[in-house]
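So the structure is just underneath, and the comments pick up after that.
The values are calculated or read from the model by the stated rules, or taken from the named source; none is laboratory data. Everything quoted here is computed from the prediction, not taken from an experiment. In this analysis, Cβ positions are derived from the backbone assuming ideal geometry, glycine residues included, and neighbour counts consider all displayed protein chains. Just so you know, the surface numbers come from the protein's heavy atoms only, side chains and all, with ligands and any DNA or RNA stripped out. Shrake-Rupley method; radii C 1.70, N 1.55, O 1.52, S 1.80 Å.
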Amino acid sequence: MRGIFLKKRLDDILAAAEDPHCSLNRSLGPMHVTLLGIGAIIGAGIFATVGTAAAGDASRPGAGPSLILSFVITAVVCAFTALCYAEFAAMVPISGSAYTYSYATLGELVAWIIGWDLIIEYAVGNVAVAISWANYFKTFLHEYGVNIPDWISTDYETASNIPHFFDTVPHFFGIPICCNVLAFGIVMLITVVLVWGIKESANFNAGMVMIKIVVLLFFVIIVLKHVPMAQMSTNWHPFQPNGWNGTLAAAAVVFFAYIGFDAVSTVAEECKNPATDLPIGIIGSLVVCTVLYVVVAAVFTGVVPFEQLKHLLSSEQAEPLIIAIHNAAPDLSYAAKIVAGGSVIAHTAVLLVYQLGQPRIFFSMARDGLLPSVFAKVHPKFKTPHITTIWTGVVVGLVSSFASIDEMVDLTNIGTLFAFVLVCLGIIILRYKEPDRKRPFRVPGGPWLLPSLGIVSCLGLMVYLPPASWWRFAGWLVLGMSIYTSYGYVHSHLGTEFDRPRHVTGMLKLAAVGFLLVAIGMYTIPHDASPLALVQQMGDTASPMHGRSTIGVMMMLVGTVMAAWGLIMQQSEKTPA
């Protein structure tokens with residue numbers, strides 16, 4: 001396969017980071033790194049996904065009070081992977097995170113897949129956080145008597161579920177105008193801060209982390225003060241209204257709340273002493289946040305009954321702590337103002353860290369030639385990857401203007417879990433491939449026990465994600481293969497050592513178009529349908545989804561044939577170097 005599984009030597013990876021033309025500024029210490037982890041973790045889960053995880057939706061059952069157990073389960077799963085990340089990050093202190101680790105252990109093709117997959121984790125994850133930020137910011141202003149019009153603070157899908165919503169919004173040539181301008185605005189502001197400098201961004205994050213921890217403790221104290229334990233105990237029954245299916249489905253959803261610890265690894269090239277700073281930051285931030293999560297989840301489910309949660313709109317579920325404050329102390333308007341203000345700050349910190357991580361993934365991929373070299377440029381004054389930071393900000397801002405939070409959370413979770421599986425697998429492989437390499441931090445228990453538990457538990461959580469997440473995830477990976485075939489394969493720096501073509505041949509173009517057709521087909525079919533249901537819908541002409549299912553499946557079949565034929569013919573050609 002002409003080297004597509006060739007692995008990049010760790011020494012070469014480390015040497016590339018020392019190139020003065022594309023190196024980053026090392027200015028972060030262990031406290032900065034730990035606070036970056038806490039900044040990424042606390043916010044998305046407690047302030048955004050708690051409501052939807054506890055309530056459930058049409059495609060998955062809610063956990064109800066067993067959300068407490070869901071957080072514990074997810075924390076254990078993340079702990080296995082966090083230890084693997086800590087070993088890799090200390091051994092390979094490079095900004096590419098799981099992408100770089102995969103390149104060293106599983107080869108170029110897997111590295112490309114995981115790098116493309118990480119876009120789901122960081123960029124798509126940031127879309128969800130930006131949407132939730134907008135909801136909280138709108139509530140925060142409302143508490144002070146400032147009302148933001150719904151048509152510039154609500155996504156189209158949520159608006160379509162509100163009766164007569166489009167009757168009250170402006171129209172342009174008969175088309176209702178509805179987009180989330182608030183979400184777009186905050187992403188653009190964060191982008192400016194990140195271009196400014198990593199040290200400034202870290203200091204900005206540290207201040208926000210301190211504030212949001214204080215706000216969470218304030219929330220817990222207020223609720224415990226105004227809600228008797230007897231009432232909370234009543235709301236905790238039944239503890240598992242939907243059984244283990246609800247608990248585990250919620251664990252898969254709140255997994256979104258924990259992905260911040262691996263975002264820490266993307267600043268490896270900017271740490272003063274990455275061998276010790278990164279393990280401290282990764283493990284320390286996970287422990288602190290888990291304790292806070294369990295406490296807040298217990299208080300939240302004790303004050304908001306499960307039946308009430310089920311009847312909230314998705315936009316209301318995105319601001320669950322405000323609902324809890326109104327239930328616990330409706331007369332204490334200042335409490336809602338403080339929680340709303342704290343949540344705005346918390347979400348801002350999460351946005352900062354996620355938006356910091358994604359450009360550095362692009363930066364590492366471009367440095368290897370898998371993306372255009374312009375993405376590997378570093379600002380001459382600020383020493384930040386400014387091109388990728390700006391591009392990421394614009395794309396995330398535009399998508400967050402129109403997307404809904406539930407879709408973004410589920411898609412982010414499956415992409416992150418897949419990345420975690422490969423990181424755990426990489427630890428096992430590298431322990432045998434390079435047993436003598438210096439490891440400042442080692443996963444305890446040997447190369448098999450904890451990494452294997454990490455793989456199995458991550459795959460277990462993926463099973464509980466809805467079918468829509470699987471279809472969208474598969475479509476995204478196939479779309480990535482189209483880009484790799486049409487660009488990365490022939491521009492890879494590592495590929496220059498093999499007899500790959502130096503330009504995109506006709507057969508590669510055919511394969512790229514085939515992969516693109518498969519991806520379009522996967523996004524055309526009804527995403528709530530299983531493969532068996534698709535076949536049934538195709539055979540039932542009376543089904544309302546007959547047309548979509550037939551067109552989507554046909555595109556997938558034709559695209560698969562085109563991609564396979566293009567790759568086979570390209571492989572048979574003797575292309576000179």
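From H503, H491, H546, grab the single residue that is more than 29 Å from the chain's Cα centre (by Cα), farther than 22 Å from P466 by Cα and at pLDDT below 95. Walk me through how you get there before you give the answer.
Values: H491 fails: more than 29 Å from the chain's Cα centre (by Cα); H546 fails: farther than 22 Å from P466 by Cα.
Result: H503 is the single residue among H503, H491, H546 that is more than 29 Å from the chain's Cα centre (by Cα), farther than 22 Å from P466 by Cα and at pLDDT below 95.
Could you pull out every one of the helices (runs of 4 or more DSSP H) wholly within the stretch 61-171 that has 3 or more residues that are of a type outside the set (V, I, T) and surrounded by 24 or more Cβ atoms within 10 Å (Cβ to Cβ)?
Numbers: elements: 67-91, 98-105, 108-119, 125-143, 156-160.
Because the criterion is at least 3 residues that are of a type outside the set (V, I, T) and surrounded by 24 or more Cβ atoms within 10 Å (Cβ to Cβ), the helices (runs of 4 or more DSSP H) in the stretch 61-171 that meet it are 67-91, 98-105, 108-119, 125-143.
Consider the stretch 549-577. How many of its residues are within 26 Å of L465 (Cα to Cα) and of a type in the set (G, A, S)?
The number of residues fulfilling the criteria is 2.
Say we look at the stretch 414-443 and pick out the residues that are more than 22 Å from A263 (Cα to Cα) and not aliphatic (A, V, I, L, M); which of these is surrounded by the fewest Cβ atoms within 10 Å (Cβ to Cβ)? Working first, answer last.
Pass one, the stretch 414-443, residues more than 22 Å from A263 (Cα to Cα): 429, 431-438.
Filter once more, keeping what is not aliphatic (A, V, I, L, M): 431-438.
Numbers: R431: 19, Y432: 8, K433: 13, E434: 15, P435: 9, D436: 5, R437: 12, K438: 8.
Ranking the candidates gives D436 first.
Please count how many residues of the stretch 21-60 are open to solvent by 10 Å² or more (accessible area, probe 1.4 Å), modelled with pLDDT under 75 and closer than 29 Å to H386 by Cα.
Total satisfying the criteria: 7.
Inspect all residues belonging to the stretch 213-220 and state whether any of them is part of a loop (DSSP other than H, G, I, E, B), more than 24 Å from the chain's Cα centre (by Cα), surrounded by fewer than 16 Cβ atoms within 10 Å (Cβ to Cβ) and in contact (Cβ under 8 Å) with a residue 12 or more places away in the chain.
We begin by selecting, within the stretch 213-220, every residue part of a loop (DSSP other than H, G, I, E, B); these are none.
No.
Do we have R502 as over 24 Å from L6 (Cβ atoms), open to solvent by 10 Å² or more (accessible area, probe 1.4 Å), of a type in the set (K, R) and not in a helix (DSSP H, G or I) here?
For R502, the condition - over 24 Å from L6 (Cβ atoms), open to solvent by 10 Å² or more (accessible area, probe 1.4 Å), of a type in the set (K, R) and not in a helix (DSSP H, G or I) - is not met.
State whether one or more residues within the stretch 384-402 are more than 24 Å from A474 (Cα to Cα), surrounded by fewer than 20 Cβ atoms within 10 Å (Cβ to Cβ) and hydroxyl-bearing (S, T, Y).
no
Going by the structure shown, is I211 on the phi < 0 side of the Ramachandran plot, modelled with pLDDT of 75 or more and touching a strand residue (DSSP E or B) at 6+ places or on another chain (Cβ under 8 Å)? Let's see the steps before the verdict.
On the way: on the phi < 0 side of the Ramachandran plot: yes; modelled with pLDDT of 75 or more: yes; touching a strand residue (DSSP E or B) at 6+ places or on another chain (Cβ under 8 Å): no.
When the stated conditions are applied, I211 does not pass them.
Just one of D540, D528 is within 23 Å of R60 (Cβ to Cβ) and either touching a strand residue (DSSP E or B) at 6+ places or on another chain (Cβ under 9 Å) or among the acidic types (D, E) (or both); which is it? Step through it out loud before you land on a result.
Values: D540 fails: within 23 Å of R60 (Cβ to Cβ).
Going through D540, D528 in turn, the sole match is D528.
Would it be correct to say that P274 is surrounded by fewer than 24 Cβ atoms within 10 Å (Cβ to Cβ) and at negative phi?
Working: surrounded by fewer than 24 Cβ atoms within 10 Å (Cβ to Cβ): no; at negative phi: yes.
The answer is no for P274.
Please give the number of the condition H503 fails out of (1) in contact (Cβ under 8 Å) with a residue 40 or more places away in the chain; (2) under 30 Å from S373 (Cβ atoms).
The one condition H503 does not meet is (1).
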